[in-house]
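Before any comments, here is the structure.
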């Protein structure tokens, strides 16, 4: 089973995804893709850690190259948008290569896990008035989201903590 | 008329191609697009009409009148921070209103997220 969860910032998509994951397995793996690159990132990571403390997750930090991650059972991948940014803005990254890496990575995890829940993000409903680098990231994320949604068994859009099943 | 709305790069054009079997999607407002089965970037057309001082609702009305079965695709641009630039603010607001105008007249309104279309009207 592969479930994709999307939504805006602060929409409650993580909590929904965590609870969804725990329905499959009491001790799932949490794949954390956010790199603690500064104090703001560190605070966000801490907030997410505190929110899932005591829920039974084991944590694996993986900022790029998820396809070679040694996993099985049930896993929650948080999140696609961070992973894509890490792949894209790494020294060897490009939008095309990054999108391909993320898609292949998720495919590989789906092959190895009984259940995979992946969280992604909505970044594109506020126009295109951005720099070239940001636009190419938005384009790559839109592409990755559509490819993963096609592969997914279920897709949810979370808005103000309410999850709407869209597939 | 069918109205398809969604974020930039959310897979709207691919959705229209697959769901309606449309092969050619014209740019909204471009010469020769009057008889197209589907037109995209309606939000940019709104911007162009505004720039030349035209009436957006009248143009939208004419678009539907001359091509009643058209599929109109547009970007949702209203979900971010209020833009600093005055014209961008005006455009964002006008595009939102124009979307409501189309939605009221549309047989169906479809919102695309992650390449998935959901009929919201």
*So which residues in region B:1-30 are over 22 Å from residue B:49 (Cα atoms) and crowded, with 19+ Cβ neighbours inside 10 Å, if there are any at all?*
B:9, B:10, B:11, B:12, B:15, B:16
_For region A:1-35: of the residues being surrounded by fewer than 18 Cβ atoms within 10 Å (Cβ to Cβ) and touching a helix residue (DSSP H, G or I) at 6+ places or on another chain (Cβ under 8 Å), which is nearest to residue A:108 (Cα to Cα)?_
A:1
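So that you can scan it fast, the table gives a plain yes or no per residue for (1) out of contact with any helix residue (DSSP H, G or I) (no Cβ under 8 Å at 6 or more places or on another chain); (2) within 11 Å of another protein chain (Cβ to nearest Cβ); (3) modelled with pLDDT of 95 or more:
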| position | (1), (2), (3) |
| --- | --- |
| A:97 | no, no, no |
| A:119 | no, no, yes |
| A:125 | yes, yes, no |
| A:128 | no, yes, no |
| A:150 | yes, yes, yes |
*How do the strands (runs of 3 or more DSSP E) wholly within region B:48-121 filter down when requiring 1 or more residues that are surrounded by fewer than 18 Cβ atoms within 10 Å (Cβ to Cβ), within 14 Å of another protein chain (Cβ to nearest Cβ) and free of Cβ contacts under 8 Å to residues at least 40 places away in the same chain: which remain?*
B:116-119
*Any chance region A:112-133 includes a residue that's in a helix (DSSP H, G or I), free of Cβ contacts under 8 Å to residues at least 24 places away in the same chain and closer than 24 Å to residue B:96 by Cβ?*
no
*Just a yes or no: is a residue in region B:35-43 outside any loop (DSSP other than H, G, I, E, B) and at pLDDT below 95?*
yes
*Kindly indicate the residue of region A:76-87 that is under 30 Å from residue B:91 (Cβ atoms) and within 14 Å of chain B (Cβ to nearest Cβ) and also surrounded by the fewest Cβ atoms within 10 Å (Cβ to Cβ) among those meeting that condition.*
A:81
*asked:* Criterion first (crowded, with 19+ Cβ neighbours inside 10 Å, within 13 Å of chain B (Cβ to nearest Cβ) and either farther than 28 Å from residue B:44 by Cα or modelled with pLDDT of 95 or more (or both)) does residue A:102 satisfy it?
replied: no
_Check on residue A:136, assigned to a helix (DSSP H, G or I) and within 14 Å of chain B (Cβ to nearest Cβ)_ = yes
*Starting from residues that are within 14 Å of chain A (Cβ to nearest Cβ) and without any contact (Cβ under 8 Å) to a residue 12 or more places away in the chain, keep the ones in region B:1-41 and report whichever is farthest from residue B:59 (Cα to Cα).*
B:18
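The values are calculated or read from the model by the stated rules, or taken from the named source; none is laboratory data. Computed from a predicted structure; not experimentally measured. Reconstructed Cβ throughout: ideal geometry from the backbone, glycine too, with neighbour counts over all protein chains shown.
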